[in-house]
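As structure tokens, the structure follows; a few thoughts come after it.
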Amino acid sequence: MSTNHRLFGKKDHLRIHMDDSCVTEKLAELLYEMTEYYVRRDLVIICIGTDRSTGDSLGPLIGTKLEQMSLNRFHVYGTLEHPVHAVNMVERLEEIKRTHFRPFILAIDACLGRLTSVGHISLAHGPIQPGAAVQKQLPAIGDIHMTGIVNIGGMMEYFVLQNTRLHTVMTMADIIAESIKKADLNLPMKETSAPTLLQKLKVKPQLLFQSKKETPL
């Protein structure tokens, strides 16, 4: 966890309901603050879950939406077509470590909670423990994490996830994907000392930098 945000009095976590009128802007602003210090590293998003369960499909839905947005700075793993779940998680983490330079990871996952917490989205420092709600032993993931409480926890978790309202999951997925897009627009392109041969072969069109307050959609 970076201490820089605390030294300068910046907020290091957020918990907000999906029906809040400013939910997208608040999530985008905090995500920008959490990642701007690490722009020299590869910024990676791991969307955890599976499309075989309505409640657990939040991550892959977000990943698919982000993939379609063609983000500038974030590398996205975990989509409906290629999900990151309990079976392949360790393998995908190893792939990410091999592929990316000192990856700074945002982990996204659905979770269960109290009745009064359903519909809340959280963004905070530190890793997430995927599979905890269904008693799975999986590695902790992420330098920062974002979660959406999709249903009530405490008992019969598999049944609860299977019977989660699709409306709740889709609404959260839209909000989280949009907030990440806004943050991505404001982050500068990664600086490199000199282009590598591979980078020269993969020339991308120049992108205009956005100021923090400019979030055109």
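The values are calculated or read from the model by the stated rules, or taken from the named source; none is laboratory data. As the structure is a prediction and not an experimental result, all values here were calculated from the model. Positions of Cβ are backbone-derived with ideal geometry, glycine not excepted, and every protein chain shown enters the neighbour counts.
Does GLY154 meet the test of being modelled with pLDDT of 85 or more and not aliphatic (A, V, I, L, M)? The answer is no for GLY154. So, in the stretch 8-52, of the ones that are crowded, with 20+ Cβ neighbours inside 10 Å and among the small types (Gly, Ala, Ser), which residue ends up farthest from LEU80 (Cα to Cα)? If we take residues in the stretch 8-52 being crowded, with 20+ Cβ neighbours inside 10 Å and among the small types (Gly, Ala, Ser), then ALA28 is farthest from LEU80 (Cα to Cα). If you check VAL90, VAL150 for being over 14 Å from the mean Cα position of the chain (by Cα) and either polar (S, T, N, Q) or in a strand (DSSP E or B) (or both), only one passes: VAL150. Here THR168 qualifies as in a helix (DSSP H, G or I) and of a type outside the set (A, V, I, L, M).
Candidates in the stretch 26-54 are the residues that are among the β-branched types (Val, Ile, Thr) and at pLDDT 95 or above; of these, the one that is nearest to LEU14 (Cα to Cα) is THR35. Screening the candidates ILE62, ILE16 for the property of being closer than 21 Å to GLN162 by Cβ, out of contact with any Pro (no Cβ under 7 Å at 6 or more places or on another chain) and either modelled with pLDDT of 95 or more or not aliphatic (A, V, I, L, M) (or both) yields one hit, ILE62. Beta carbons closer than 6 Å, at least 6 apart along the sequence or on distinct chains, pair a first residue in the stretch 66-87 that is of a type in the set (Lys, Arg) with a second that is part of a loop (DSSP other than H, G, I, E, B) for ARG73/LEU187.
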